[in-house]
Amino acid sequence: MLLSDRSKQALSFGLKPADAWLVILGFAFFTAACLLLRFGQLVNYGFPAGAFLVAAYLYRKYPILYFSFALWMWFLCSWVRRLVDFQIGWVNPSPVLLTPLLVAFIAILGLCINLPKIIKQGGVPFLLSGASVIYGFGIGILSLPANTVILNFLGWFTPILLGLHLYIHWQRFPEFKKTIYTTFLWGTFVVGVYGVIQYFVAPEWDKVWLNNMIYQLGIVTFGNPEPLEIRVFSTMHSPQALGGMLMPGLLLLLTNKSKFKFLAMVAGYLSFLLSSARSAWLSWLVGLLSYAGFLKLKFQLRLILSLLIATLLLMPLITIEPFSTVISPRLETLSNVKEDNSFQDRVSMFNLLLSRALTSVVGDGLGGAADIGNDNGLLTLLFSLGWIGSVPYLAGVISAFIRLFKSSSISTDLFVGSCLAIALGSFSQITMNVVTSGFIAVALWVFLGAGMAAVKYQKSQQSMFFR
C-alpha cells in the first residue's frame, strides 16, 4: 500500500490529492499523445467522453477540484476542437464542444440531492432562473428540433449549475476561494500567452478554422487567417468569449497576492486588447468602477496600486507596433459611436426586433432565437422564454445581486467585492451579447454563486463567534 501511494505521488508529480491528479494528468497525456500520433478521430469522441468520466470521479470525491476542472474545460475545449479539425477535417457541430457542457451538467446531482436544503438555505435565485430554463426547454421541444433544444438547454442550464455547486458547498468557501484565484490566475496566463502567440504566428489549426468560419459559415468578423491580422480569440471560440473569460480573470488579478500575477496581467491584457471585444472592455470598466466603489479607502488604494503597476507594464507595449495600429483605432470607436457602423447596425436591428420581442408572452423556446440575427442578450431572452420565462429568470439574477448588495462584506472583503463586480460586469453586456449561455453566463453565475457562498460562510462564522 505504501509503494502504491509513493507511485501515485511520483506519477502525479507531487500534486495532491495524488489519485485525483493522476486521473487528470492521465486524461491530459492521453489526449496529447493521440493528437501527436494524429489520432484526431479518437480525440473527437474520446475527449468529451474522457472528460465526463474524469469529472464524474472528481465530483464524487473532490468537489473543489471538479469545479476547477470544469472551468479548464471551458478555457480549452475550443482549442482542442481546432486541433482535431486540423487533423480530420471540418466537423460542425463538433462533439468536442460538448465537453464543458457535459462536465458541468454532472453538478445536477447536487441539485437533485440537496433540493430541500437549497430552498431552506436561500438558494432560491438559482431555482428561479433554473426553472425558467426548464420552461424554455419544454416550450422548445414542442416545435423545434430536439438536438437544437437540448444543446441550448445545456448551454443555459450548466452555468447556473456551476454557480449552485459553489453555493451548495458554502461550508468549504475558503478552499473554493483559493481555487478560484488559482484557476483564473493560471487560466489568464495560459489563455493570454496563447492569444499573443496566435496574433504573431497564426498557427495552422487556427488559420484552417478561420477559413472554415469564413467560407463555410460566412463569419468574417474574426479577421484574416494571417499573422498580425487575426482578431485574437486565443483558446476560446470567439473574441467575445475570450473577453468574457479574461474580464473576470483580470479583475481578480488586481487583488491576487501571487507574485506571478503581473506576468499574467501583461499576457492577459494584451490578448484582451487584441481581441477588439469592445463589449468585454466596457464590462471590465463597469466591473472595475463598481469594485472600487464598493471598497473602503485602504482597499481602494491597493486596487489602484495594482492597476497602476499593470498600466506601467503595458503602456510601452501597446503604444508600439504592431499593437498600436490594432488597439488604438478600436479604442477610439468607444468615444465616437455615431461613426461606428457595427454599433449602428446593432442599434437598428435592436429597434427593429424590440416590438416583436415585447409581445412574446410564451416565447419560442430554447433555440427559438437563432433566426433573429442579433447578439442582443435581452432580445434572446425574450424570444426564447417570453415574458412567462424571462421574468422569473431575471428575478433570480436580480435577487442574487440584491443578496450581495445588502451584505456588509462587499466593502470589507476583497473577494466578495470582486464577485459582485465581476457579476455586474458580465450582466452589463445583456444588450450587447448573450449573457444566458456561454462563458459570459459562466462568469455571471459562478461569481454570483461564489459571492453568495462567501456571505453565507461569513454569517455562519459570526454566529458561531457570538454564541
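A few notes on this one:
- Any hit, the stretch 227-242, residues being in contact with a strand residue (DSSP E or B) (Cβ under 7 Å, 6 or more places away or on another chain), among the aromatic types (Phe, Trp, Tyr) and either over 18 Å from ASN92 (Cα atoms) or without any contact (Cβ under 8 Å) to a residue 24 or more places away in the chain (or both): no
- So SER390, is it crowded, with 18+ Cβ neighbours inside 10 Å and more than 23 Å from the chain's Cα centre (by Cα): no
- Hits in the stretch 421-432 - residues which are over 9 Å from LEU444 (Cα atoms) and surrounded by 24 or more Cβ atoms within 10 Å (Cβ to Cβ): ALA421, GLN429
- Total residues in the stretch 329-371 satisfying the condition of being modelled with pLDDT of 75 or more, surrounded by fewer than 13 Cβ atoms within 10 Å (Cβ to Cβ) and either small (Gly, Ala, Ser) or farther than 20 Å from MET432 by Cβ (or both): the figure is 3.
- Checked against (1) crowded, with 20+ Cβ neighbours inside 10 Å; (2) outside any helix (DSSP H, G or I), GLY122 meets all criteria but (1).
- With respect to the conditions (1) aliphatic (A, V, I, L, M); (2) surrounded by fewer than 23 Cβ atoms within 10 Å (Cβ to Cβ); (3) touching a Lys or Arg at 6+ places or on another chain (Cβ under 9 Å), LEU253 lacks only one, and its number is (2).
- Whichever residue in the stretch 33-48 is of a type in the set (A, V, I, L, M) and surrounded by 13 or more Cβ atoms within 10 Å (Cβ to Cβ) and, among such residues, is nearest to ALA107 (Cα to Cα): VAL43
A quick yes/no check of all residues on (1) assigned to a helix (DSSP H, G or I); (2) charged (D, E, K, R); (3) touching a helix residue (DSSP H, G or I) at 6+ places or on another chain (Cβ under 8 Å); (4) under 27 Å from PHE105 (Cβ atoms):
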{"site": "SER390", "(1), (2), (3), (4)": "yes, no, yes, yes"}
{"site": "SER399", "(1), (2), (3), (4)": "yes, no, yes, yes"}
{"site": "ARG403", "(1), (2), (3), (4)": "yes, yes, yes, yes"}
{"site": "VAL416", "(1), (2), (3), (4)": "yes, no, yes, no"}
{"site": "VAL435", "(1), (2), (3), (4)": "no, no, yes, yes"}
{"site": "ALA441", "(1), (2), (3), (4)": "yes, no, yes, yes"}
{"site": "PHE447", "(1), (2), (3), (4)": "yes, no, yes, yes"}
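- Within the stretch 209-224, the only residue that satisfies the criterion of being in contact with an Asp or Glu (Cβ under 7 Å, 6 or more places away or on another chain) and modelled with pLDDT of 90 or more is TRP209.
- For VAL84, the test of being on the phi < 0 side of the Ramachandran plot, without any contact (Cβ under 8 Å) to a residue 60 or more places away in the chain, in contact with a Gly (Cβ under 7 Å, 6 or more places away or on another chain) and in a helix (DSSP H, G or I) is passed.
- Selection count where residues are buried (at least 18 other Cβ atoms within 10 Å of the Cβ) and either farther than 14 Å from ILE422 by Cβ or without any contact (Cβ under 8 Å) to a residue 60 or more places away in the chain (or both), scope the stretch 402-411: 4
- Filter pass, ALA131 being surrounded by fewer than 20 Cβ atoms within 10 Å (Cβ to Cβ), aliphatic (A, V, I, L, M), touching a helix residue (DSSP H, G or I) at 6+ places or on another chain (Cβ under 8 Å) and in contact (Cβ under 8 Å) with a residue 12 or more places away in the chain: yes
- Hey, ALA20 in a helix (DSSP H, G or I) and at pLDDT 95 or above or not: no
- The C-beta contact set for the stretch 201-221 (first residue within 19 Å of GLN87 (Cα to Cα), second residue modelled with pLDDT under 90 and small (Gly, Ala, Ser), distance under 9 angstrom, 6+ apart or interchain) comprises LEU210/GLY223.
The values are calculated or read from the model by the stated rules, or taken from the named source; none is laboratory data. Every value quoted in this text rests on a predicted model; they were computed, and no experiment measured them. As a convention, Cβ positions derive from the backbone with ideal geometry for all residues, glycine included, and neighbour counts pool all protein chains shown.
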